[in-house]
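Data block below; observations after.
The values are calculated or read from the model by the stated rules, or taken from the named source; none is laboratory data. Only a predicted model underlies this, so the values are computations on that prediction, with no experimental measurement involved. As a convention, Cβ positions derive from the backbone with ideal geometry for all residues, glycine included, and neighbour counts pool all protein chains shown.
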């Protein structure tokens, strides 16, 4: 996979670097707050395998980037746009901000903005979907700012904190996209 970098106002998106990014990504997997929100990283072994897959470009219809701050170059998260070849003109968004101290700093919002712009303007997608835990009201609010709407729920699909939670399915059409 060739090196890719994309700059925003406060972040840059870059192709994963296994040597530099894997230890940091794996450390997030020890954090219960991160694991509570993440559907991807179940263990540090799985996390490393995921990162290796992202680096190798698991599929032609999957793009994954690591989120770094421009200020100090710190790795703060990961964002992906997936399955845009499986159903033509459609894609799935996934995003994780690793360390809770980096939550509510706008990094996820900016990364989402960049990826939505890429998906709609460059990849010519008509629709981008995502799934989010019903208890993650902060993320749902961010998605709604961009125009995502709830399209359905998988009832009690998640087990977190000894309780069953719905998985909220949200979608955004190109015509409804708001450059928040």
- Qualifying positions in the stretch 145-177 - out of contact with any strand residue (DSSP E or B) (no Cβ under 8 Å at 6 or more places or on another chain) and either surrounded by 18 or more Cβ atoms within 10 Å (Cβ to Cβ) or within 18 Å of residue 94 (Cα to Cα) (or both): 145, 177
- Note on the structure: Scanning the stretch 131-143 residue by residue, those surrounded by fewer than 20 Cβ atoms within 10 Å (Cβ to Cβ) and in a strand (DSSP E or B) turn out to be 131, 133
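Residue-wise test of (1) touching a helix residue (DSSP H, G or I) at 6+ places or on another chain (Cβ under 8 Å); (2) at pLDDT below 90; (3) closer than 23 Å to residue 33 by Cα.
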{"position": "68", "(1), (2), (3)": "no, no, yes"}
{"position": "87", "(1), (2), (3)": "no, yes, no"}
{"position": "96", "(1), (2), (3)": "yes, no, yes"}
{"position": "102", "(1), (2), (3)": "no, no, yes"}
{"position": "132", "(1), (2), (3)": "yes, no, yes"}
{"position": "151", "(1), (2), (3)": "no, no, no"}
- Hey, can you tell me all the residues within the stretch 100-122 that are surrounded by fewer than 17 Cβ atoms within 10 Å (Cβ to Cβ) and not in a helix (DSSP H, G or I)? 104, 105, 106
- Message: Quick check on the stretch 81-90. Is at least one of its residues in a strand (DSSP E or B), closer than 18 Å to residue 29 by Cα and in contact with a strand residue (DSSP E or B) (Cβ under 7 Å, 6 or more places away or on another chain)?
- Response: no
- Task: Say whether the condition of being part of a helix (DSSP H, G or I), over 22 Å from residue 65 (Cβ atoms) and over 15 Å from the mean Cα position of the chain (by Cα) is met by at least one residue in the stretch 147-169.
- Result: no
- Query: Using beta carbons and a limit of 6 Å, which pairs, at least six apart or on different chains, have the first residue in the stretch 86-100 and at positive phi and in contact (Cβ under 8 Å) with a residue 12 or more places away in the chain and the second one in a loop (DSSP other than H, G, I, E, B) and buried (at least 20 other Cβ atoms within 10 Å of the Cβ)?
  - Reply: 89/125
